[in-house]
Amino acid sequence: MIFKMLSKVPLFGEALRILNTYAFKGDARADEQFANPLLWLSAFWFPILVAGAGAALSMPELVNRWLPAGYCLTYTIEATPGTLATGILPNLLGFGIGIYALIFGLHKILLRELQDTFKPSPGKTKPPVGSALILNAEMAVPLLILGMAIIIGVVQQALPNHEYIKLAAWFFLWLAMVFTLELVFTLFGLGENMLLKNLDDKSQ
């Protein structure tokens, strides 16, 4: 009930559905209910951990307040996350949107085999969580994070002296980088499988 209400909120609802589908591994229930906390944790803990560490190390002056006496980070970072986000990420976003169209040209056998991985194992009646729709979410989530990072980068440029907005901008910049790498890994896997399918077709 709560999920359906939140999913109807403009912009926020669509973003929530994309993230929930990613956490739910493309399961059909993703449009009706929240994935359980363990699925969310499994899907996002590593990117959040890397982004959090990257954001902290990008703001040594903030980290030094929490370090014990005698310990401090002595380097400084001149670049601002807002400048980096608005200068680099729009190009990555355009690239990502362009390759999103690849989903619609995938070999149908490849999609069928992907869906077969979510069928119950022998001796089990309950299918694993997920479906081939995870592929759609794996393409959409990096684009969503890139868009969010750009928006926060613009805000950070407008409010350059706000420390916590700067921290959020660094966090989303690093998060966007992590998810961009995950998108590259997904594309590599898809490309490899499509090439193998085409080779099999030609050999038959």
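Quick notes on this structure:
- Its alpha carbons considered, region 53-101 gives a radius of gyration followed by a Dmax of 16.4, 54 Å.
- Ser42 exposes around 80 Å² of accessible area when a 1.4 Å probe is run over every protein chain in place.
- Furthest towards positive pole of dipole, Met5, Tyr100, Leu187, structure part the chain, Cβ charges: Met5
- Summarising the label geometry, the points placed 7 Å from Cα in the beta-carbon direction at Thr117 and Tyr164 lie 4.0 nm from one another.
- Neighbour cut-off at most 13 other Cβ (10 Å), DSSP loop, chymotrypsin sites (Phe, Trp or Tyr not before Pro), region 14-67: Trp66
- CD proxy at 222 nm, helix term only [per DSSP H run n ≥ 4: -39500 (n - 2.57); per residue of the chain; nearest 500]: -22500 deg cm²/dmol
- Cβ-Cβ FRET estimate between Lys197 and Val63, R0 fixed at 45 Å, reported to 0.05: 0.40
- Placing Arg112, Arg29 in order of accessible area, with the largest value first and a 1.4 Å probe, yields Arg112, Arg29.
- Carbon + sulfur, % of accessible area of the chain - ligands and nucleic acids excluded, 1.4 Å: 69
- Ordered by 1.4 Å accessible area with all protein chains kept, Phe179, Phe188 run largest first as Phe188, Phe179.
- Cα gyration tensor, the chain - rounded (a/c under 1.5), prolate or oblate: prolate
- Two-site FRET efficiency, Thr74 against Phe188, from Cβ-Cβ distance with R₀ of 45 Å, rounded to 0.05: 0.70
- Cα-centred dipole magnitude for the chain, charges only on beta-carbon of K, R (+1) and D, E (-1), debye, nearest 20: 520
- Taking every protein chain into account, the accessible area of the chain amounts to 62 square angstrom per residue (probe 1.4 Å).
The values are calculated or read from the model by the stated rules, or taken from the named source; none is laboratory data. Since the model is a prediction, treat every value here as computed from it, not as a measurement. Virtual Cβ from ideal backbone geometry, glycine too; neighbours counted across all protein chains shown. These area figures cover heavy atoms from the full protein model, side chains too; ligands, DNA and RNA do not enter into them. Shrake-Rupley method; radii C 1.70, N 1.55, O 1.52, S 1.80 Å.
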